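Below is one structure, written out as structure tokens; comments come after it.
The values are calculated or read from the model by the stated rules, or taken from the named source; none is laboratory data. In this text the structure is predicted, and so the values were computed from the model without any measurement. Neighbour counts are summed over all protein chains in view; Cβ atoms, including those assigned to glycine, are modelled from backbone coordinates with ideal geometry. Just the protein is used for accessible areas: all its heavy atoms, side chains included, with ligands, DNA and RNA removed. Shrake-Rupley method; radii C 1.70, N 1.55, O 1.52, S 1.80 Å.
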Amino acid sequence: MGAATALYSGTCFAHGKYGNGNPYPVNLSVAVGLSGWLPCARSLKNKIESSQEAAQKASSLPLMLCHGKADDVVLYKHGERSADALKSTGFANVEFKSYSRLGHYTVPEEMDEVVKWLTASLELGSSTST
């Protein structure tokens, strides 16, 4: 449920509200979902198109989704559809990574790519002192 929560949080941040209408109080910089799916995808387009501010936040929020093609807990097609739903509703900065033999767990290759993506997205480049 971690990926679902992270992706839902990203959509709530863009919309400025939780699904129940209460204000969303957190300022997100990025969101990452591993082996998961996007809740409330059907209503997402209306929420993002409801305001220019929501559309702007959606277009600028970096999102990373990673999914294994051998996942038998959350099927790969759900991860792929989640990425497609985000892209089609205005989330312009979505990266979807797939792993051919990965099940519902992580591997060093995936973690390395997440770290690399987070470092770039959050502009955490190393600084060296002399």
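Here's a check for you: in the range 73-114, which residue that is in contact with a Leu (Cβ under 9 Å, 6 or more places away or on another chain) and of a type in the set (Asp, Glu) is surrounded by the most Cβ atoms within 10 Å (Cβ to Cβ)?
Looking at residues that are in contact with a Leu (Cβ under 9 Å, 6 or more places away or on another chain) and of a type in the set (Asp, Glu), I get 110.
Has the range 28-43 got at least one residue that is loosely packed, with under 14 Cβ neighbours inside 10 Å and modelled with pLDDT of 95 or more?
Yes, there is a match, as at least one residue in the range 28-43 is loosely packed, with under 14 Cβ neighbours inside 10 Å and modelled with pLDDT of 95 or more.
In the range 54-63, is there at least one residue being within 25 Å of residue 100 (Cα to Cα) and either hydroxyl-bearing (Ser, Thr, Tyr) or crowded, with 16+ Cβ neighbours inside 10 Å (or both)? Write out each step before concluding.
Going through the range 54-63, the residues within 25 Å of residue 100 (Cα to Cα) turn out to be 62-63.
Retained after the next criterion (residues that are either hydroxyl-bearing (Ser, Thr, Tyr) or crowded, with 16+ Cβ neighbours inside 10 Å (or both)): 62-63.
Yes - at least one qualifying residue is present in the range 54-63.
In the range 1-23, which residues are over 15 Å from residue 90 (Cβ atoms) and touching a Pro at 6+ places or on another chain (Cβ under 8 Å)?
Hits for the range 1-23 are 4, 8, 17.
Among the residues of the range 115-130, which ones are part of a helix (DSSP H, G or I) and either surrounded by fewer than 17 Cβ atoms within 10 Å (Cβ to Cβ) or of a type in the set (Ser, Thr, Tyr) (or both)? Can you show your working first?
So the first thing to find is which residues in the range 115-130 are part of a helix (DSSP H, G or I), and the list is 115-121.
Answer for the range 115-130, where residues must be part of a helix (DSSP H, G or I) and either surrounded by fewer than 17 Cβ atoms within 10 Å (Cβ to Cβ) or of a type in the set (Ser, Thr, Tyr) (or both): 115, 116, 118, 119, 120, 121.
Taking the condition of being open to solvent by 70 Å² or more (accessible area, probe 1.4 Å) and closer than 17 Å to residue 53 by Cα, how many residues in the range 1-25 meet it?
Residues of the range 1-25 that are open to solvent by 70 Å² or more (accessible area, probe 1.4 Å), as a first pass: 1, 5, 17-18, 20, 22-23, 25.
Checking the rest, the ones that are also closer than 17 Å to residue 53 by Cα come to 17-18, 22-23, 25.
Within the range 1-25, residues that are open to solvent by 70 Å² or more (accessible area, probe 1.4 Å) and closer than 17 Å to residue 53 by Cα number 5.
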